[in-house]
Structure formats: structure tokens, C-alpha cells
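Participant: This structure is in C-alpha cells; I'll ask about it shortly.
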Amino acid sequence: MYGGNGDRLTGSHYTQVLSIVIACSAYGTVLSVLFSHARINQAVASDGIVPFARHIVATSRFGTPLNAILLHYVVSLAIIIAAPPGDAYNMIISGMALLFSFMFLC
């Protein structure tokens, strides 16, 4: 995968194992962010700050905040789809600044 001098130095087996370890680490990070942000959405909804709070606070029979996970998924998907081609960083920062200014005014 990485090729070059690393394969000659450590062997191609090492680079494949390293690639799998990095992929597992990235996957674990995504899952932890997804679950922690869903819990934050659920806590904000339990305070009654967001609309449809009763639906977001609900948990599944396993105790998972499924509706909050779906809310996080929809917001993340909207940011990915709405991002302009090129520099999406400025769009995300501008959107966050608008959201924070709205939250501080309320």
C-alpha cells in the first residue's frame, strides 16, 4: 500500500498490518464520536432546548439513543452534501459561528 523504501525495509506484510490497524483506529474514533455526540444531543433535548425534544430523548430497548444518533447522522449528512466544492472548511466554520451566535442570543 505505501510502497517505496518502507516495503524493502520492513516487508509488505508489515505495511498491510499497519494499514489494518490504522483503519480499525479510525473506525473506532468515528464510532466514539457518533455515540458521544448522540448522548450530547439527547442531553440537550432532555433540557427542552431543541424542538421535538420528546422524540430525541427516547431510547431504544437496549438503552441506545437511536433518535439522537439519527439526528446526528442527518446533520452530518447535510453538512457533507451542502459543502461547496473546494474549501469546505470556511463553510463549516461560518455555519458554526452562525449557530453559536444564535445560541447565545436565545
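Throughout, read-outs are computed from the coordinates displayed, never taken from laboratory work. Please read all numbers here as calculations on a predicted model, not as lab measurements. Neighbour counts run over all protein chains shown; Cβ positions are idealised from the backbone, glycine included.
Participant: Given a Förster distance of 41 angstrom, what is the FRET efficiency for Ser60 paired with Tyr14, based on the Cβ-Cβ distance and rounded to 0.05?
Facilitator: About 0.50, to the nearest 0.05.
Participant: Summing +1 for each Lys or Arg and -1 for each Asp or Glu, what net charge is found among the other residues whose Cβ lies under 12 Å from the Cβ of Ser46?
Facilitator: Taking every other residue near Ser46 into account, the sum is +1.
Participant: What ³J(HN,Hα) values, in whole Hz, does the Karplus curve 6.51 cos²θ - 1.76 cosθ + 1.60 give for the range 64-72 when θ = phi - 60°, with x put for Gly and Pro?
Facilitator: 8, x, 4, 5, 5, 5, 5, 4, 5
Participant: In the chain, once you exclude exposed chymotrypsin sites (Phe, Trp or Tyr not before Pro) (DSSP loop, at most 10 other Cβ within 10 angstrom), what's the longest stretch remaining?
Facilitator: In the chain, the maximal stretch lacking such sites is 1-51.
Participant: Let me ask something else about it. Over all directions, what mean area does the Cα convex hull of the chain project, stated in square nanometres?
Facilitator: Numbers: hull surface 41.1 nm².
Dividing the Cα hull surface by four gives the mean projection, 10.3 nm².
Participant: Rounded to the nearest 500, what is the chain's calculated 222 nm mean residue ellipticity when only DSSP H runs of at least 4 contribute -39500 (n - 2.57) each, over all residues? Could the numbers behind the result be given before it?
Facilitator: Working: 5 runs with 81 residues, N = 106.
After summing the helix terms and dividing by residue count, I get -25500 deg cm²/dmol.
Participant: Between Ser32 and Val74, what is 0.36 nm times their sequence separation minus the Cα-Cα distance? Round to one decimal in nm.
Facilitator: 13.4 nm
Participant: Just Ser32, Ser12, Ser76 to compare: in a GNM of the chain, with alpha carbon springs under 10 Å, which one fluctuates most?
Facilitator: Ser12
Participant: Among the trypsin sites (Lys or Arg not before Pro) in the range 11-106, which ones are in a DSSP loop with at most 11 other Cβ atoms within 10 Å of the Cβ? Mind listing them?
Facilitator: The qualifying sites are Arg61.
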